[in-house]
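Read through the structure below, which is laid out as structure tokens, and then see the notes.
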Amino acid sequence: MIAHQSLKLDSLYTLFNKDSIRITNFKFYISNFTFLKNGQIVFKEKNSFHLLDLKDTNSFKIHIKSPQNYTQIQFCIGIDSVANSAGAMGGILDPTKGMYWTWQNGYINMKLEGTSSACKTRNNEFVYHIGGYQYPFNSLQSLIFKAVNKQNVTIGIELNKFFSDVNSNTNHTMMSPSLQAVKLAEIFKTIFVIE
Amino acid sequence: MKIKLLLILLIFTGLMSFVAHKDLLFFAPKKWPKPVYNFTNNSLDKTKIKLGRILFYDPILSKNNTISCANCHSPYNAFTHVDHALSHGIGDSIGIRNSPALMNLAWHKSFMWDGAVNHLDMQALSPISHLDEMGETIENVVLKLQQSNGYKRLFYKAYGDSLATGERVLKSISQFMLTLVSSNSKYDSVINMKASFSIQEKKGYTIFLKNCSSCHTEPLFTNLNFENNGLSLDKDLKDYGRIKVTQSAKDSLKFKVPTLRNIEFTYPYMHDGRFKTIGEVLNHYTDGIIHYKTLSQLLQKKIKLNADEKVDLTTFLLTLTDKSFLFNPKFGYLNFRQ
């Protein structure tokens, strides 16, 4: 599976609405890959956690050995509550990956940082750290796609859509679990589009 | 013909050391509930406990290498900070809360006065990165450890390779903290029928069972829930406790019920260390309760204790002192040269 990646860190982009934005950090987890056929699970990836980091474009290529027969692929954006409550873990879940809150508990599902001319903040900065695993602030999102027995599945992540749906003029800083963070997570989910 | 007397020494060195070895790692005392900590994900091991103990006492965990966990959690005071009501951290900054005593943590389901931390492994991240405390990042701690030959050896012994990782650092510190079990006070001897209470202690125990044990529940002397025990809100600290985590109004001014084990040594008391003596605490329960909306049902009715009863209750509370815990050399300072 390859998630399409043309966006580059630290480059300036102009959105449709003429805002100019620059992304300086973009990382997120996807997890729990499940392959289904007619609604029945045919395969579940074991230990299914992936950290995608724009600093390392290879992280946007995910290799999964999947079975031949499937019609849908399901996965989550973020880390589920089980993993969030399991104590210290290693690999990409190691808290040194910068994706774990400290004073507040839990993984950061998605980090998006940069500048936008729309943000009336110091240096026009925005910081979105989206996470939270406990009701009512559970920001884990689940996605399901139609994908029939393809060898390579490409998923587009249309960040421009995120910025057009989030009013970054007022909504520019998010660093803890909250209802608003859940909203942002829901918007973030909609920018994943199968190609 | 000689009459032989045979003296047979039965020496079970193997068995003895096995028992001692087991004891050293972890044991759940008789009649206690099952620990909450999931040992299968982090099974205790001598070398890992040792590594955790060294980390616990090593200021390398803080930004300017001046503060270790033990600065605020001193072994001589059941792992709390005695001199100060509010914990002192790096650059002499003062945190907003009193450091809790650390013991029997394997039975806790959440940590911190407001339960903000959901797992013992993740606990150490907070002080390491909290500016008022150690002001460091786990990323940088791990880098510092990776550069230390002493630690490389310790990680090698504990994990079979010398690489320090965030996971290993956290799990090792947990291992050490899990061994901090206090279950050997006079109270415990009485419960296990190896000793008996004095008349005064017995009276105190009765008073305790009537007024206190619904929250400070045996055998841990905490029910591990969050309760409002009627303390007035400190106007400067404005600490509303549990509500910060749940953002639910019913949790306003609730704090995690602390254990009363070793209470003789864990002063000052309460989340902000406002009381210096057990006497002051008892006066609070009899005369100081503030009836906020979230005050526990259990404290709605006034607790009446006369001076003698307060002395009896205090005498009982002192039976919770566990010298074998407080002065256990296995919990004391250690560095990697030792």
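The values are calculated or read from the model by the stated rules, or taken from the named source; none is laboratory data. This structure is a prediction, so every number in the text was calculated from the model and none was measured. Ideal geometry is used to build each Cβ from the backbone, glycine not excepted, and the neighbour counts take in all protein chains shown.
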**Prompt:** Somewhere in segment B:257-271, is a residue more than 28 Å from B:Thr321 (Cα to Cα) and either more than 14 Å from every other protein chain (Cβ to nearest Cβ) or surrounded by 20 or more Cβ atoms within 10 Å (Cβ to Cβ) (or both)?
**Reply:** no
**Message:** Looking only at segment B:37-56, how many residues end up being surrounded by fewer than 19 Cβ atoms within 10 Å (Cβ to Cβ) and within 17 Å of B:Lys152 (Cα to Cα)?
**Reply:** 2
**Message:** Could you check segment B:135-169 and list, in sequence order, the residues that are farther than 16 Å from B:Gly52 by Cβ and part of a loop (DSSP other than H, G, I, E, B)?
**Reply:** B:Gly135, B:Glu136, B:Thr137, B:Gln147, B:Gly160, B:Asp161, B:Ser162, B:Leu163
**Message:** For segment B:159-184, give me the residue count where each residue is in contact with a Lys or Arg (Cβ under 7 Å, 6 or more places away or on another chain), polar (S, T, N, Q) and buried (at least 21 other Cβ atoms within 10 Å of the Cβ).
**Reply:** 3
**Prompt:** So A:Gln68 clears everything in (1) in contact with a helix residue (DSSP H, G or I) (Cβ under 9 Å, 6 or more places away or on another chain); (2) away from every other protein chain (no Cβ under 11 Å); (3) at pLDDT below 85 except one condition, right? Which one?
**Reply:** (1)
**Asked** Given the conditions (1) modelled with pLDDT of 85 or more; (2) surrounded by 11 or more Cβ atoms within 10 Å (Cβ to Cβ); (3) part of a loop (DSSP other than H, G, I, E, B), and given that B:Pro33 satisfies all but one, which numbered condition is not satisfied?
**Response** (2)
**Request:** Could you list all residues from segment A:44-76 that are touching a Leu at 6+ places or on another chain (Cβ under 7 Å) and either free of Cβ contacts under 8 Å to residues at least 24 places away in the same chain or surrounded by 14 or more Cβ atoms within 10 Å (Cβ to Cβ) (or both)?
**Result:** A:Phe49, A:Leu54, A:Ser59, A:Phe60, A:Tyr70, A:Thr71, A:Gln72, A:Gln74, A:Phe75, A:Cys76
**Message:** With the requirement that a residue be crowded, with 20+ Cβ neighbours inside 10 Å, modelled with pLDDT of 90 or more and at the interface with another protein chain (Cβ under 7 Å from one of its Cβ atoms), what does segment A:88-99 give you?
**Reply:** A:Ala88, A:Met89, A:Asp94
**Request:** Kindly indicate whether A:Ile62 is touching a Phe, Trp or Tyr at 6+ places or on another chain (Cβ under 7 Å) and hydrophobic (A, V, I, L, M, F, W, C).
**Result:** no
**Prompt:** How many residues, within segment B:291-303, are out of contact with any strand residue (DSSP E or B) (no Cβ under 7 Å at 6 or more places or on another chain), within 17 Å of B:Cys212 (Cα to Cα) and either modelled with pLDDT of 95 or more or not charged (D, E, K, R) (or both)?
**Reply:** 6
**Request:** Confirm whether A:Val127 is closer than 23 Å to A:Thr34 by Cα and either in a loop (DSSP other than H, G, I, E, B) or of a type in the set (A, V, I, L, M) (or both).
**Result:** no
**Fill in**
Of the residues in segment A:108-128, those that are more than 14 Å from chain B (Cβ to nearest Cβ), closer than 13 Å to A:Ser176 by Cβ and surrounded by 22 or more Cβ atoms within 10 Å (Cβ to Cβ) come to A:Asn109, A:Tyr128
**Request:** Can you tell me which residue within segment B:145-166, out of those that are within 11 Å of chain A (Cβ to nearest Cβ) and without any contact (Cβ under 8 Å) to a residue 24 or more places away in the chain, is farthest from B:Trp107 (Cα to Cα)?
**Result:** B:Gln146
**Prompt:** Do the conditions hold for A:Ile79, that is, is it within 22 Å of A:Ser142 (Cβ to Cβ) and buried (at least 21 other Cβ atoms within 10 Å of the Cβ)?
**Reply:** yes
**Message:** For the condition polar (S, T, N, Q), out of contact with any strand residue (DSSP E or B) (no Cβ under 9 Å at 6 or more places or on another chain), in a loop (DSSP other than H, G, I, E, B) and within 14 Å of chain B (Cβ to nearest Cβ), what is the one hit in A:Asn105, A:Asn138?
**Reply:** A:Asn138
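Taking the conditions exactly as written (closer than 12 Å to B:Gly204 by Cα and exposed (fewer than 15 other Cβ atoms within 10 Å of the Cβ)), does B:Asp308 satisfy them or not?
So B:Asp308 passes the test.
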**Item:** Contacts under 7 angstrom Cβ, first residue in segment B:111-129 being more than 7 Å from chain A (Cβ to nearest Cβ) and more than 17 Å from B:Cys69 (Cβ to Cβ), partner at pLDDT below 90 and in a helix (DSSP H, G or I), 6 or more apart
**Value:** B:Asp114/B:Lys244; B:Asp114/B:Val245; B:Gly115/B:Val245
**Message:** Cβ-Cβ under 6 Å, sequence separation 6+ or interchain: first residue in segment B:178-192 and assigned to a loop (DSSP other than H, G, I, E, B), partner surrounded by fewer than 16 Cβ atoms within 10 Å (Cβ to Cβ). Which pairs?
**Reply:** B:Ser183/B:Pro29; B:Asn184/B:Ser324
